[in-house]
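Data block below; observations after.
The values are calculated or read from the model by the stated rules, or taken from the named source; none is laboratory data. From a predicted model like this one, the values you see are computed outputs, not experimental measurements. We place every Cβ from the backbone using ideal geometry, glycine too, and count neighbours over all the protein chains shown.
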Amino acid sequence: MPEKDVLYHELLEALQAEGCAICRLARKASDSYVRALIYEGVTDVKLRETLRNARGLCHQHGWRTAGRRGSVLGAAIIYRDVINTLVKTLEGRSGGGPRLFGRGQPELSRALGGSEDCPACALERDAEGRAAKILLNHLGDAEIGATYRASGGLCLPHFQLVLGQGSQSAGNTLAEWQAEGWSRLRDQLDELIRKHDYRFRSEIVTDEEAEAWQRAIAAVTGEAEPAPET
């Protein structure tokens, strides 16, 4: 049995809440980056260069940054840098080269695009890969199995990610656990739908049934973004 290191315990903790544990771990990784970026990273020369090359953060992580308390100054500094780079590109002075307008619109469009991926997305992908590996390494662990099944399993994209990295035997085990969670969710959706029929409206909708439609969306697409901080 592989050693139960820090990553094992992080996965186990993430599985103890309902919903996709890998979504949760990926978000934790990118949130740590965003937090450090706002409060410490704006003066880091290398990090600022990476962000310029990526044209800032992606849509998801850019707005997640905007939703954090205390983000105003950090976001202003980061995006002033990006906007300045875009202005210089349009003016044809980026890197001291010839005017880009003379090269045609496709070349200008490419020059405006980023040459690096969103760094927060890259951290999420790394976290997803690590979590998938830890899960596969510990499929025989009774605690991992119990918490996975109780959580309802992974979202479809992350379930596919883990299946793509595992053996046939691991896939069979995961398929059994995942089918159990999705079957339970399907039954709750059936009850929610049935109780919306006027003939059964006197029956009480349980909390699990009332939330089943949201959990179904999360099961297929991934966990929802958290609400902005206030």
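T89 meets all of the listed conditions (1) within 30 Å of E211 (Cβ to Cβ); (2) polar (S, T, N, Q); (3) over 22 Å from the mean Cα position of the chain (by Cα) but one, namely (1). Do the conditions hold for G145, that is, is it modelled with pLDDT of 95 or more and closer than 15 Å to E18 by Cα? Yes, satisfied. Residues in region 25-41 that are closer than 12 Å to A127 by Cα and hydrophobic (A, V, I, L, M, F, W, C): L25, A26, A29.
Checked against (1) within 18 Å of G129 (Cβ to Cβ); (2) at pLDDT 90 or above, T50 meets all criteria but (1). Note on region 4-21: residues that are of a type in the set (A, V, I, L, M), within 14 Å of G181 (Cβ to Cβ) and buried (at least 23 other Cβ atoms within 10 Å of the Cβ) total 2. Here A219, A212 are screened, and the one residue that is surrounded by 18 or more Cβ atoms within 10 Å (Cβ to Cβ), of a type outside the set (D, E, K, R), touching a Leu at 6+ places or on another chain (Cβ under 9 Å) and over 18 Å from E128 (Cβ atoms) is A212. Looking across region 147-205, the residues that are over 26 Å from the mean Cα position of the chain (by Cα) and among the acidic types (D, E) come down to D187, D190, E191, D197, E203.
In region 37-57, is there at least one residue being surrounded by fewer than 20 Cβ atoms within 10 Å (Cβ to Cβ) and within 30 Å of S151 (Cβ to Cβ)? Looking for residues that are surrounded by fewer than 20 Cβ atoms within 10 Å (Cβ to Cβ) and within 30 Å of S151 (Cβ to Cβ), one finds none in region 37-57, hence no. Just one residue in the set G104, G114, G92 is modelled with pLDDT under 90, over 30 Å from T173 (Cβ atoms) and surrounded by fewer than 13 Cβ atoms within 10 Å (Cβ to Cβ); that residue is G104. Going through (1) within 18 Å of A29 (Cβ to Cβ); (2) out of contact with any helix residue (DSSP H, G or I) (no Cβ under 6 Å at 6 or more places or on another chain); (3) buried (at least 16 other Cβ atoms within 10 Å of the Cβ) one by one, P157 falls short only on (3).
Of all residues in region 180-209, exactly one satisfies the criterion of being exposed (fewer than 12 other Cβ atoms within 10 Å of the Cβ) and closer than 24 Å to L163 by Cβ, namely S183. When region 53-94 is examined, which residues are found to be farther than 26 Å from K28 by Cβ, of a type in the set (K, R) and assigned to a helix (DSSP H, G or I)? R80, K88, listed by residue number.
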